[in-house]
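Contents: one structure, followed by commentary.
The values are calculated or read from the model by the stated rules, or taken from the named source; none is laboratory data. These figures come from a predicted structure and were not determined experimentally. Glycine also receives a Cβ, built like all others from the backbone with ideal geometry; neighbour counts cover every protein chain displayed. The accessibility values were calculated without ligands, DNA or RNA, using every heavy atom of the protein model including side chains. Shrake-Rupley method; radii C 1.70, N 1.55, O 1.52, S 1.80 Å.
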Amino acid sequence: MPVTPSPAATVVLLRPRTAFETGDGPLEVFLTLRPGSMAFAGGNFVFPGGKLEPGDYAPENLALVRGMDPDRAARILGDGESPERSLGFWLAAIRELFEETGILLCTTAEGRSLEVLDPGARARLAAGRDDVHRRQRSLASLVKELDLRYQPAALRYITRWITPVHSPIRFDARFFFCQMPPGQTPAPCDREVEEVRWMEPAEALQAWRARRIRMRRCSRYSAIFAC
């Protein structure tokens, strides 16, 4: 019997490659190398992401959203999910990106970027990230403590892929694009990430074809890179 795929969310993080000290170069994508010991995609370069969890679409989490409501999220996905669960995919993407890279797609309650946070708030955010990753607290509790609001509109939904039926571990994943938010720098989680690379899409595909890096189902990565 085929394994039932777990709902999941994945983020393709983008930034312009710096050209002559300006930010107007070609786009790069952020790839993370999963440890070889991991059951799914071990030893492969992947995009940050993971499973949808009930807490992602819990009422207390949805109440912290700015700029998108559940009905709009359901219309964008258009796949029959409930409005609350639909918005949960955006929030799962935000949570997984934060856990794996430290990038948090939030604003202050007044709508300002996280660049305005004082050093004390930044330290609490960094300390809270590890607790969220270890499931010792919810991301909602951390966001509420710092008086922040989720910014799901920073994510652009692009596609849905389901792992092939013959795979022993399967995911039903929604993929999102996201530009690097100002004033933030990735700080990869060493429990899930061995190495990170910023690469132009063509550069990544060339490296895969030359077997310098491993990526799962690279034909699908090609489709994403073409978006």
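Looking only at the stretch 120-127, decide whether some residue is among the charged types (D, E, K, R) and surrounded by fewer than 18 Cβ atoms within 10 Å (Cβ to Cβ).
Pass one, the stretch 120-127, residues among the charged types (D, E, K, R): 122, 124.
So of that shortlist, the ones also surrounded by fewer than 18 Cβ atoms within 10 Å (Cβ to Cβ) come out as 122, 124.
The answer is yes, given that some residue of the stretch 120-127 is among the charged types (D, E, K, R) and surrounded by fewer than 18 Cβ atoms within 10 Å (Cβ to Cβ).
Quick check on R124: is it in contact with a Gly (Cβ under 8 Å, 6 or more places away or on another chain), assigned to a helix (DSSP H, G or I) and of a type outside the set (A, V, I, L, M)?
When the stated conditions are applied, R124 does not pass them.
Of the residues that sit in the stretch 146-156 and are open to solvent by 50 Å² or more (accessible area, probe 1.4 Å) and in contact (Cβ under 8 Å) with a residue 40 or more places away in the chain, which one is farthest from I76 (Cα to Cα)? Lay out the reasoning, then the answer.
Going through the stretch 146-156, the residues open to solvent by 50 Å² or more (accessible area, probe 1.4 Å) turn out to be 147, 149, 151, 153, 156.
Restricting the remaining residues to those that are in contact (Cβ under 8 Å) with a residue 40 or more places away in the chain gives 149, 151, 153.
Numbers: R149: 21, Q151: 16, A153: 12 Å.
Per the stated criteria, the residue is R149.
Does any residue of the stretch 213-222 turn out to be open to solvent by less than 50 Å² (accessible area, probe 1.4 Å) and of a type in the set (F, W, Y)?
Taking the stretch 213-222 as the starting set, the residues that turn out to be open to solvent by less than 50 Å² (accessible area, probe 1.4 Å) are 213, 215, 218, 221-222.
Restricting the remaining residues to those that are of a type in the set (F, W, Y) gives 221.
The answer is yes; a qualifying residue exists.
Only one of E192, E203 is in a helix (DSSP H, G or I) and out of contact with any strand residue (DSSP E or B) (no Cβ under 7 Å at 6 or more places or on another chain); which? Please lay out each step first, then the result.
Working: E192 fails: in a helix (DSSP H, G or I).
Just one listed residue meets the conditions, E203.
With the requirement that a residue be open to solvent by 20 Å² or more (accessible area, probe 1.4 Å) and touching a Leu at 6+ places or on another chain (Cβ under 9 Å), what does the stretch 72-90 give you? Steps first, answer last, please.
Restricting attention to the stretch 72-90, the residues satisfying the condition of being open to solvent by 20 Å² or more (accessible area, probe 1.4 Å) are 72, 74-76, 78-85.
Correct list: R72, A74, E84, R85.
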